[in-house]
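A quick write-up on the structure given underneath.
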Amino acid sequence: MGADPQQEQSHGLTGPNILVVDDDDIARLYIADSLRREGYQVTEAGDGSTALKLAQDRPPSVAFVDLSMPGMNGFEVVAELKRAFGLALHTTVLSASDDIESRVRAFDAGADDFVQKPAQPIEIVRRLEAATRNQSEYQTVTMALEQADALRTYAAEAAALVAHDINNGL
């Protein structure tokens, strides 16, 4: 039924790679197709272990992960994705359940957001836009810090050379 969940399906689109993980083919395709229509690259997985393999091959920027899946559940998938990619990956949990225990457990596993299913495509897209906006700012700050560190290293090396020249004559 629908796309093979083992396959990456980006259709040549550009932008952040979005990973959609759900064992329910209809729910997964609904979200994936909605995101593709908005121009996003989408990789689909029908189970947790496939999701982790696909993420290693092509790291996602954002992951939408269903909680209730056979085998590796969504809590475990989120924890593994966060362990592998840290803050660089925004994870949104999708669940038909809206109980507080599931929400807390999802955030404890590393989720950044929680959406109750069924979610409307516009809500998914707006949450994705917010996530990518936040990631863009994070990347900008990270790059600025790396540049500042490089400049500090350069300044320290230059100061050491000047001190050497002063102490040993030009």
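What is the calculated FRET efficiency for residue 56 to residue 166, with r their C-beta to C-beta distance and R₀ = 35 Å, to the nearest 0.05? Walk me through the intermediate numbers first.
Working: r = 52 Å, r/R0 = 1.48.
That gives a FRET efficiency of 0.10.
Residue separation of residue 156 and residue 116 scaled by 0.36 nm, minus their Cα-Cα distance, works out to 9.2 nm of gained length. Is the range 21-156 best put as rounded, prolate or oblate by its Cα gyration tensor, with a ≥ b ≥ c the root eigenvalues, rounded for a/c under 1.5, and otherwise prolate when a/b is larger than b/c, oblate when not? Prolate, because a/c is 1.5 or more and a/b exceeds b/c. Put simply, the amide H of residue 64, placed in the peptide plane, has neighbours under 5 Å in 19, 20, 21, 92, leaving out anything fewer than 5 places away on its chain. Let me know the shape class of the range 84-136, please: from the alpha-carbon gyration tensor, a ≥ b ≥ c as square roots of the eigenvalues, rounded when a/c is under 1.5, otherwise prolate if a/b is greater than b/c, or oblate. Oblate, because a/c is 1.5 or more while a/b does not exceed b/c.
Bear in mind these aren't lab numbers, they're just calculated from the coordinates by the rules spelled out. Values in this document were obtained by computation on a predicted structure and should not be read as measured data. Cβ sites come from the backbone with ideal geometry, for glycine too, and all protein chains shown count toward neighbours.
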